[in-house]
1. Quick check on region 149-166. Is at least one of its residues touching a Lys or Arg at 6+ places or on another chain (Cβ under 9 Å), loosely packed, with under 14 Cβ neighbours inside 10 Å and within 30 Å of Q97 (Cβ to Cβ)?
2. Between a residue in region 27-49 that is without any contact (Cβ under 8 Å) to a residue 60 or more places away in the chain and closer than 23 Å to E213 by Cα and any residue that is surrounded by 15 or more Cβ atoms within 10 Å (Cβ to Cβ) and among the aliphatic types (A, V, I, L, M), which pairs come within a Cβ distance under 8 Å, given they are 6 or more apart or on different chains?
3. Those residues that are assigned to a loop (DSSP other than H, G, I, E, B) and buried (at least 18 other Cβ atoms within 10 Å of the Cβ), I need them from region 40-56; list them, please.
4. Among the residues of region 57-80, how many are exposed (fewer than 15 other Cβ atoms within 10 Å of the Cβ), touching an Asp or Glu at 6+ places or on another chain (Cβ under 9 Å) and under 19 Å from V112 (Cβ atoms)?
5. With the condition kept exactly as written, say whether any residue in region 193-215 is crowded, with 18+ Cβ neighbours inside 10 Å, in contact with a Leu (Cβ under 9 Å, 6 or more places away or on another chain) and closer than 28 Å to K39 by Cβ.
6. For T83, are the conditions met, namely being part of a loop (DSSP other than H, G, I, E, B), hydroxyl-bearing (S, T, Y) and over 15 Å from the mean Cα position of the chain (by Cα)?
7. Could you check region 94-114 and list, in sequence order, the residues that are within 13 Å of V138 (Cα to Cα) and in a loop (DSSP other than H, G, I, E, B)?
8. Tell me, yes or no, whether region 115-132 has at least one residue that is out of contact with any strand residue (DSSP E or B) (no Cβ under 7 Å at 6 or more places or on another chain), assigned to a loop (DSSP other than H, G, I, E, B), under 29 Å from Q192 (Cα atoms) and hydrophobic (A, V, I, L, M, F, W, C).
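The values are calculated or read from the model by the stated rules, or taken from the named source; none is laboratory data. Note that this is a predicted model, so its numbers are computed, not measured. A quick note on method: Cβ atoms are made from the backbone with ideal geometry, for glycine too, and the neighbour counts reach across all protein chains shown.
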Amino acid sequence: MNKAFARNFYSSPSSVGNKFRAKRIKPLTDAIKQIYQKKGGVSILDVGGKIRYWDIIDKDFLLYCKVKIVILNIPRENLDDDTEICTHTTGDACDMQYYNDNHFYIVHSNSVIEHVGNWSKMKSFASEVRRVGKYLFVQTPNFWFPIEPHYMTPFFHWLPRYTRISLILKHTLGNRGQADDLNDAMEKLEGQPRMINYACFCLLFPDCTIIKEKFLFVTKSFIALRMAQL
């Protein structure tokens, strides 16, 4: 599946992916309301996010609830400009020693934990986001959903390693781009997201309620929710 298809399927305002995000965001907007009513303002840490993601929530609602969002990413070029709602910072989500316990009312992360690396890194990520936030909203794709959401290709993540290498050498899959040569293909695959199953996600977030997000009766992704203790 090429980049145009992936964009239309997942990134455009009318895409299937955007509709899923708009639906799944209700627990988050409910939490924002509750925190604002009790505290008069809402601090959010968005781990690994992008500013355009927050377009799914009405800007006037965010302003009314005095929401301030810190978007944390690894150091990279071309960070988005700050706005009256969102500011940007860089750091390591697996080691957020610069934030105290319960530093934010809400910690949010959408499709990030599968990108951090091996199981040890995932445990560190989960531990840190649970530590620095009172309310937790963490989403990740399900390994057992048949379409790999990053490559937008059926069964890609279930295929043998060298079959996947062959595919990315020959085709542009999703928004990942076709590999230039074998070395590029190996490096792309080395950095491939590591999706996890329900049992592993529950193990990472033992104090959270785990929601199964369905598509055509199949679990597409998981969401870990933990209500704020205010």
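1. No, that holds for no residue.
2. Cβ pairs passing all conditions: T29/I57.
3. Hits for region 40-56 are G48, G49.
4. Number of matching residues: 1.
5. Looking for residues that are crowded, with 18+ Cβ neighbours inside 10 Å, in contact with a Leu (Cβ under 9 Å, 6 or more places away or on another chain) and closer than 28 Å to K39 by Cβ, one finds at least one in region 193-215, hence yes.
6. Working: part of a loop (DSSP other than H, G, I, E, B): yes; hydroxyl-bearing (S, T, Y): yes; over 15 Å from the mean Cα position of the chain (by Cα): yes.
Spelling it out, T83 is indeed part of a loop (DSSP other than H, G, I, E, B), hydroxyl-bearing (S, T, Y) and over 15 Å from the mean Cα position of the chain (by Cα).
7. Passing the criteria: S111, V112.
8. yes
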